[in-house]
Amino acid sequence: MKIAFKLFVFAVITSFHLGVFAQGGNSKYVNPFIGTSGFGHTYPGATVPFGLVQLSPETGNFKWDYTSGYQYKDSTILGFAHTHLSGTGVSDLGDVLFFPFQGDKQVYKSGFNKSTEKASPGYYTVVLKDNNIKAELTTTARVGVHQYTFTKGGKASILIDAQNGLVNSPRELAGYILEGQVTVLGNNKLTGYIQSKKWVKRRTFFTISFDKNFTAHRFIDGDKKRKVILDFEVTAGAKIGAKVALSTTSVAGAQLNMKEAENLSFAQIRANSLAQWDKLLATATITGSLAQKENFYTSLYHLLIQPNNIADTDGKYRGADDKVYQSPTKAYYSTLSLWDTFRAAHPLYTILYPKQDGEIVGSMVQHFKAANTLPVWTLAGKENYCMIGNHSIPVIVDAYFKGLKGVDAEEAYQAIKYTLTNNGNYKHDWKQYDQYGYYPSDLTKVESVSRTLEAGFDDWCAAQMAQKLGKKEDYAFFMKRSGFYKNLFDPSTQLMRGKTSDGNWVSPFDPLKVSHASTSGGDYTEGNAWQYSFHVLQDVPGLINLMGGNKKFISKLDSLFSLEPKVYGDGALVDVTGLIGQYAHGNEPSHHITYLYTLAGAPWKTQQLIPKILKEQYINKPDGLSGNDDCGQMSAWYIFSSLGFYPVNPADGKYVFGTPAYTNASIKVGNKTLTIEAKNLSEKNKYVKSILLNNVKLTNNYITHDQIMAGGKLTYIMSATY
């Protein structure tokens with residue numbers, strides 16, 4: 001008995017040392033390495049839901065492959081930095097990099113064995129080959145927490161680089177760092193700040209506290225004082241812990257944020273982080289294979305990594321105009337990849353996390369007050385104007401109609417109206433748009449078709465809110481503009497095509513070519529005419545009518561999915577991935593298209609495709625995502641589609657039926673639960689014969705938001721035939 005008990009204790013201690021941590025909730029199914037190779041652009045490091053800090057390893061920086069700072073295939077680590085982007089196509093961040101080492105170093109990096117690298121929600125660990133140093137990372141919302149174990153006694157050192165890349169790739173970062181400095185306070189504290197300009201111009205302030213005194217320090221970049229090495233004396237097996245608090249406002253703000261982690265051990269902070277994850281991951285429960293559970297809960301995890309609440313604990317934040325403001329809710333969200341996330345991520349937040357989505361909408365309106373336009377793509381509170389459209393508008397309108405708290409209707413509507421009519425708004429010449437009824441290819445120069453189509457959806461959203469608020473003239477104005485898509489439909493090709501200011505079609509016209517510039521034969525954003533011709537989210541019946549009715553529309557969809565899966569041109573080819581014919585699941589403009597079969601009267605064709613996409617384009621391994629996760633949008637598609645429905649129009653409160661992937665699932669909706677059952681479901685029985693809600697057969701091809709939020713039981717009757 002004593003021997004067995006000793007073996008048990010040894011096993012527990014050994015497991016904890018190896019990075020295995022008791023996980024009782026759905027976090028045990030999360031694999032943070034999914035998407036860290038290939039196109040996924042995710043990172044494996046530690047963070048908490050919606051947290052300011054993402055403490056993760058750096059294996060490369062500031063190239064397209066390294067937008068998250070990490071690629072799974074790499075064999076060396078450059079250090080551990082505190083801010084990262086998940087699944088984006090552009091790089092930035094990488095603030096306050098730590099690199100532990102022993103002995104003399106000229107190049108600050110180390111190899112590592114993949115077998116020692118482990119990650120779970122709120123935790124990351126790896127053993128650096130150089131001197132066998134074990135690194136462990138965890139976080140609170142605003143504090144990154146390090147623990148380094150040194151197997152050798154003697155001098156141990158830690159490099160602190162205010163901005164990742166200053167040591168390892170100075171050529172790439174020429175002009176990136178505007179200013180900054182690290183200040184050493186006594187023998188166990190540092191403070192500092194960095195101002196940089198890459199995707200956005202931004203500031204990061206920090207304070208650092210060690211649990212062991214350093215014996216010496218030296219700056220290795222002369223008078224700049226942005227890179228400092230700290231020396232410690234350690235015994236074999238000794239640990240050095242550090243806590244790094246961040247703020248966008250000031251060093252004082254960082255010091256205030258440090259209180260989140262004060263008087264807490266590494267193990268306590270890790271446990272708290274895990275508890276936060278398990279609480280939010282518990283909003284959904286599924287039955288299924290281990291692979292399905294890993295894909296589902298990792299998707300939910302990726303959905304919750306961002307947007308990031310960048311406000312200090314007292315609610316202060318740095319706004320788009322570089323001024324410091326006070327948030328009335330003590331929350332201010334940034335990292336808003338809205339061209340991607342308006343489609344499914346935000347509708348999913350309204351179901352599973354409505355409180356946070358309401359706060360996000362409040363942040364959008366606060367952004368408007370500082371920037372005179374609603375957000376397009378914000379990072380660290382600043383606007384980078386990446387992508388087209390202004391898709392904070394559907395997010396706001398959706399939240400308004402769903403009654404989310406924190407939405408001041410009149411204030412939000414005035415921000416929407418100004419954004420859609422003020423001619424100084426970035427990337428939009430509204431006078432030109434109104435004059436021609438589309439963006440002319442010869443005047444707009446780039447992405448004219450895509451801009452027209454995406455602006456039309458924003459207009460439709462504005463119209464719905466105007467109507468609800470009794471603004472009849474505004475409703476008529478925006479509804480008229482929402483129909484401008486019809487002006488770019490070419491009957492001869494049955495595709496959306498660029499048109500010049502004299503009313504002629506752009507020629508030559510190659511519908512397969514990916515090119516955004518009209519001068520090179522393209523008018524599309526990260527896609528081609530085939531992918532964008534179905535981008536009429538607000539008026540699918542109108543689009544079907546343009547193409548000649550359901551039968552011809554279905555035939556056109558068949559062609560899309562059966563064309564040669566090949567793209568070419570001088571546009572963003574790296575983003576047009578996950579091809580099934582010319583359907584590109586790896587990029588967002590295609591995400592709703594599979595469900596158009598259902599809306600055209602052929603739901604069995606949707607039901608044939610959904611399982612194929614779920615199985616082939618979401619695989620539980622590092623290169624398992626067919627495209628950039630794009631701040632959770634790819635993940636949101638998986639979650640919705642595996643449950644059996646999807647928001648084709650992400651602002652009308654309707655979710656179009658597809659086919660479920662699980663025999664049983666449930667989602668928590670406020671204080672109620674919606675249980676989802678798929679009777680007779682199997683790989684062959686993928687067709688939906690009928691759908692019942694609380695034992696009443698549904699006749700619509702969609703379920704409404706109100707029906708979902710009322711809870712109850714949704715039952716799919718499955719069959720091998722359609």
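Computed from the coordinates by the stated procedures, all read-outs in this text should not be read as laboratory data. Predicted model only: the values in this text are computed from it and were never measured. Note that each Cβ is placed from the backbone with ideal geometry, even for glycine, and that neighbours are counted across all protein chains shown.
Measure nothing but the geometry: give the 0 to 90° angle between the long axis through the Cα atoms of 550-562 and the longest principal axis through the Cα atoms of the chain, rounded to 10°.
Its long axis makes an angle of about 40 degrees.
Give me the Å³ per residue figure for the convex hull around the C-alpha atoms of region 503-602.
Considering the Cα atoms of region 503-602, their hull volume per residue is 104 Å³.
Once you sort the root eigenvalues of the Cα gyration tensor of region 28-276 as a ≥ b ≥ c, which label holds: rounded (a/c under 1.5), prolate (a/b larger than b/c) or oblate (the other case)?
Values: a/c = 1.17, a/b = 1.06, b/c = 1.10.
Rounded, because the longest to shortest axis ratio a/c is under 1.5.
With r as the distance between the Cβ atoms of Asn671 and Asn550 and R0 = 45 Å, compute the FRET efficiency 1/(1 + (r/R0)^6) and round to 0.05.
Taking R0 as 45 Å, the efficiency between Asn550 and Asn671 is 0.65.
So what's the back-of-envelope 222 nm ellipticity for the chain, counting only DSSP H runs of four-plus at -39500 (n - 2.57) apiece and dividing by all residues, rounded to 500? Could you put the intermediate results ahead of the total?
Details: 20 runs with 209 residues, N = 722.
That comes out to -8500 deg cm²/dmol.
Work out, step by step, the length gained on full extension between Asn263 and Asn487: first 0.36 nm times the residue separation, then minus their alpha carbon distance; give nm to one decimal. Before the final figure, lay out each step's value.
Numbers: separation 224, 0.36 × 224 = 80.64 nm, distance 6.39 nm.
Computed gain between Asn263 and Asn487 is 74.2 nm.
Can you give me the Cα centroid spacing of region 443-458 and region 525-559 in angstrom?
Using only Cα atoms to place each centre, the spacing works out to 16 Å.
Run the dipole for region 274-331 about the Cα centre, Lys and Arg Cβ at +1, Asp and Glu Cβ at -1, nothing else charged, and hand back the magnitude in debye, nearest 20.
Roughly 80 debye, rounded to the nearest 20.
Please give, to one decimal in nm, the separation of the simple spin-label points placed at Asp211 and Asn664, each 7 Å out from Cα toward the Cβ.
For the pair Asp211/Asn664, the computed spacing is 4.3 nm.
Rounded to the nearest 10 degrees, what's the angle between the helix 472-482 long axis and the longest principal axis of the chain, both from Cα atoms, 0 to 90?
90
Most exposed first by the Cβ proxy, i.e. fewest other Cβ within 10 Å, how do Tyr662, Tyr297 rank?
Final ranking by Cβ density, sparse to dense: Tyr662, Tyr297.
Below 8 Å, C-alpha to C-alpha, sequence gap of six or more: please give me the relative contact order for the chain in percent.
Values: 1715 pairs, mean separation 81.0, N = 722.
It rounds to 11 percent for the chain.
With 10 angstrom as the radius, rank Lys654, Lys697 by how many other C-beta atoms surround their C-beta, starting from the fewest.
In order of increasing Cβ crowding within 10 Å: Lys697, Lys654.
Which order results if His705, His592 are arranged by neighbouring Cβ count within 10 Å, fewest first? Walk me through the intermediate numbers first.
On the way: His705 20, His592 23.
Ordered by Cβ neighbours within 10 Å, fewest first: His705, His592.
Two-decimal Rg/Rh of the chain from alpha-carbon positions, Kirkwood Rh? Intermediate values should be presented prior to the final figure.
On the way: Rg = 26.0 Å, Rh = 26.5 Å.
Computed over Cα atoms, the ratio is 0.98.
Step through the table entries Lys105/Lys621; Lys654/Lys689; Lys73/Lys621; Lys402/Lys468; Lys279/Lys672, compare each Cα-Cα distance with 23 Å, and write down the pairs that go over it.
Values: Lys105/Lys621 34 Å; Lys654/Lys689 20 Å; Lys73/Lys621 12 Å; Lys402/Lys468 13 Å; Lys279/Lys672 16 Å.
From the list (Lys105/Lys621; Lys654/Lys689; Lys73/Lys621; Lys402/Lys468; Lys279/Lys672), the Cα-Cα distance tops 23 Å for Lys105/Lys621.
How much net charge surrounds Leu557 when only the other residues with a Cβ under 14 Å from the Cβ of Leu557 are counted, with Lys and Arg +1 and Asp and Glu -1?
Numbers: positive: Lys551, Lys552, Lys556, Lys605; negative: Asp558.
After counting each charged neighbour, the total is +3.
If I model a spin label as a point 7 Å beyond the Cα along the Cα-Cβ vector, how far apart are those points for Lys224 and Tyr722 in nm?
5.9
What does the extension gain come out to for Lys155 and Glu683, with contour length at 0.36 nm per residue minus their alpha carbon separation?
On the way: separation 528, 0.36 × 528 = 190.08 nm, distance 5.98 nm.
In short, 184.1 nm is gained.
Just to confirm the number: angle between the C-alpha axis of helix 633-643 and the first principal axis of the chain, 0 to 90 degrees, nearest 10?
70
Roughly how many nanometres apart are two label points built 7 Å out from the Cα toward the Cβ at Lys279 and Asp231?
4.5
Among Gly522, Val145, Pro589, whose Cα sits farthest toward the positive end of the charge dipole of the chain (+1 at Cβ of Lys/Arg, -1 at Cβ of Asp/Glu, about the Cα centre)?
Val145
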